[in-house]
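Participant: What follows is a structure written as structure tokens; I'll ask about it next.
The values are calculated or read from the model by the stated rules, or taken from the named source; none is laboratory data. Computed from a predicted structure; not experimentally measured. Neighbour counts are summed over all protein chains in view; Cβ atoms, including those assigned to glycine, are modelled from backbone coordinates with ideal geometry. When the accessible area is computed, the model is the full protein with side chains, heavy atoms only, and any ligands, DNA or RNA have been set aside. Shrake-Rupley method; radii C 1.70, N 1.55, O 1.52, S 1.80 Å.
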Amino acid sequence: SFAARLAFEDVGYRVGTTEILKGISLSAEPGEVLCLLGPSGSGKSTLLKIAAGIERPSFGRVLLGDREVAGPQRFVAPEKRGVGLMFQDFALFPHMTVLDNIRFGLRAMDSAAAKREAAAALERVGLADAAGAYPHMLSGGEQQRIALARALTPRPSVLLMDEPFSGLDSRLKDVVRTDTLQILREARATAIVVTHDAEEAMRLGDRIALIRDGSLVQAGTAAELYGRPV
Ligand code: ADP
Ligand code: ADP
């Protein structure tokens, strides 16, 4: 399995004199889905961007496995971290077929191997028949599965997802969440999912980290946090 542990050690982020993150220590264990839950503006996306390497912490460190990827003396560029990103607006390319969308994530690989990998990935998400289709021909749920297949095919050690279901209507969300969880489990991926929706965090997260005003309030399973199983 390619899943890794991702750890934040006393991570802070300042813009001018504003403390956006106030020293967060937290980890996602290999194969775990960790949800960052908190109100809008609490710093969740900033923490995710620091994990991705899109932002640099003002203090503290980020470890990926036993490798320091961000710290006072060290900064590993996003493309060298081996993390996958899925943002809310990170849609499929409309002018590319489904297969080519997935192959796009495998640009570093030779093209025959990339094609085989992409076809296998489509099979895993149950959409082998859609290889030649264009995204607009598919349902929202199918598009989301393909976006997930694209994010996972390069085998990131950690998949970072920022409000990945916010673009879906509520009818679809349930199905897509269940699908997502199943696909993450099969890939045995470590995932960090940002959400402001407590119900979503309870459904998806092996553990939930409550973030408020740039600080970690509490982290644990849904049962530990809310005192009941879900
Ligand atoms: P969340 O994801 O929880 O909604 P964010 O991490 O997006 O929160 O933002 C946390 C806070 O930091 C917000 O108040 C946001 O406006 C502020 N913020 C984030 N990045 C910057 C920046 N580069 N400059 C100024 N303020 C920022
Ligand atoms: P916000 O939380 O402020 O709404 P967005 O989700 O719109 O932020 O985007 C987060 C940041 O990550 C943006 O600066 C965007 O350009 C960048 N980004 C999005 N997708 C990728 C990607 N695959 N690789 C690198 N950077 C990305």
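Participant: Restricting attention to the range 104-114, which residues are surrounded by 17 or more Cβ atoms within 10 Å (Cβ to Cβ), of a type in the set (Gly, Ala, Ser) and either within 16 Å of ligand 1 (Cβ to nearest atom) or assigned to a loop (DSSP other than H, G, I, E, B) (or both)?
Facilitator: Within the range 104-114, the first condition is being surrounded by 17 or more Cβ atoms within 10 Å (Cβ to Cβ), and the residues that meet it are 105-106, 114.
From what's left, of a type in the set (Gly, Ala, Ser): 105, 114.
Answer for the range 104-114, where residues must be surrounded by 17 or more Cβ atoms within 10 Å (Cβ to Cβ), of a type in the set (Gly, Ala, Ser) and either within 16 Å of ligand 1 (Cβ to nearest atom) or assigned to a loop (DSSP other than H, G, I, E, B) (or both): just 105.
Participant: Select from the range 43-52 the residues that are open to solvent by 10 Å² or more (accessible area, probe 1.4 Å) and either closer than 12 Å to residue 7 by Cα or free of Cβ contacts under 8 Å to residues at least 24 places away in the same chain (or both) and list them in ascending order.
Facilitator: Once the filter is applied, which keeps residues that are open to solvent by 10 Å² or more (accessible area, probe 1.4 Å) and either closer than 12 Å to residue 7 by Cα or free of Cβ contacts under 8 Å to residues at least 24 places away in the same chain (or both), the range 43-52 yields only 49.
Participant: When residues of the range 1-14 are filtered for being open to solvent by less than 80 Å² (accessible area, probe 1.4 Å) and within 16 Å of ligand 1 (Cβ to nearest atom), how many remain?
Facilitator: 4
Participant: Right, next: Out of the range 1-20, which residues are among the hydrophobic types (A, V, I, L, M, F, W, C) and closer than 30 Å to residue 186 by Cβ?
Facilitator: The first filter runs over the range 1-20 and keeps only residues among the hydrophobic types (A, V, I, L, M, F, W, C), leaving 2-4, 6-8, 11, 15, 20.
If the condition is that a residue be among the hydrophobic types (A, V, I, L, M, F, W, C) and closer than 30 Å to residue 186 by Cβ, then 2, 3, 4, 6, 7, 8 are the ones that fit.
Participant: Tally up the residues in the range 70-103 that are aliphatic (A, V, I, L, M), within 10 Å of ligand 2 (Cβ to nearest atom) and not in a strand (DSSP E or B), please.
Facilitator: Within the range 70-103, the subset aliphatic (A, V, I, L, M) is 70, 76-77, 83, 85-86, 91-92, 96, 98-99, 102.
Now narrow it down to the ones that are within 10 Å of ligand 2 (Cβ to nearest atom): 83, 85-86.
Filter once more, keeping what is not in a strand (DSSP E or B): none.
Number satisfying all stated conditions: 0.
Participant: Could you say which residue among 79, 19 is surrounded by fewer than 20 Cβ atoms within 10 Å (Cβ to Cβ), modelled with pLDDT of 95 or more and of a type in the set (Asp, Glu)?
Facilitator: Values: 79 fails: modelled with pLDDT of 95 or more.
Residue meeting the stated conditions: 19.
Participant: Quick one: which strands (runs of 3 or more DSSP E) lie wholly within the range 121-221 and hold at least 3 residues that are small (Gly, Ala, Ser), open to solvent by 70 Å² or more (accessible area, probe 1.4 Å) and within 27 Å of residue 7 (Cβ to Cβ)? Lay out the reasoning, then the answer.
Facilitator: Working: elements: 158-162, 190-195, 207-212, 215-220.
Of the strands (runs of 3 or more DSSP E) lying wholly inside the range 121-221, none has at least 3 residues that are small (Gly, Ala, Ser), open to solvent by 70 Å² or more (accessible area, probe 1.4 Å) and within 27 Å of residue 7 (Cβ to Cβ).
Participant: Which of the residues that make up the range 53-69 are outside any strand (DSSP E or B), touching a Lys or Arg at 6+ places or on another chain (Cβ under 7 Å) and either away from ligand 2 (no atom under 13 Å from the Cβ) or open to solvent by less than 10 Å² (accessible area, probe 1.4 Å) (or both)? Working first, answer last.
Facilitator: First, pick out the residues of the range 53-69 that are outside any strand (DSSP E or B): 53-58, 65-66.
Add one more test, that the residue is touching a Lys or Arg at 6+ places or on another chain (Cβ under 7 Å), and what stays is 53, 55, 58, 65.
Selection gives 53, 58, 65.
Participant: Which residue pairs have Cβ atoms under 7 Å apart, sit 6 or more places apart or on different chains, and have a first residue in the range 71-85 that is under 22 Å from residue 10 (Cβ atoms) and a second that is part of a loop (DSSP other than H, G, I, E, B) and near ligand 2 (Cβ under 10 Å from one of its atoms)?
Facilitator: 76/53; 78/53; 78/54; 81/53
Participant: Could you tell me whether the range 175-185 includes any residue that is of a type in the set (Val, Ile, Thr) and within 16 Å of ligand 2 (Cβ to nearest atom)?
Facilitator: Within the range 175-185 (the criterion being of a type in the set (Val, Ile, Thr) and within 16 Å of ligand 2 (Cβ to nearest atom)), the answer is no, since none of the residues qualifies.
Participant: Can you name the number of the only condition in (1) part of a loop (DSSP other than H, G, I, E, B); (2) at pLDDT below 95 that residue 117 fails?
Facilitator: (1)
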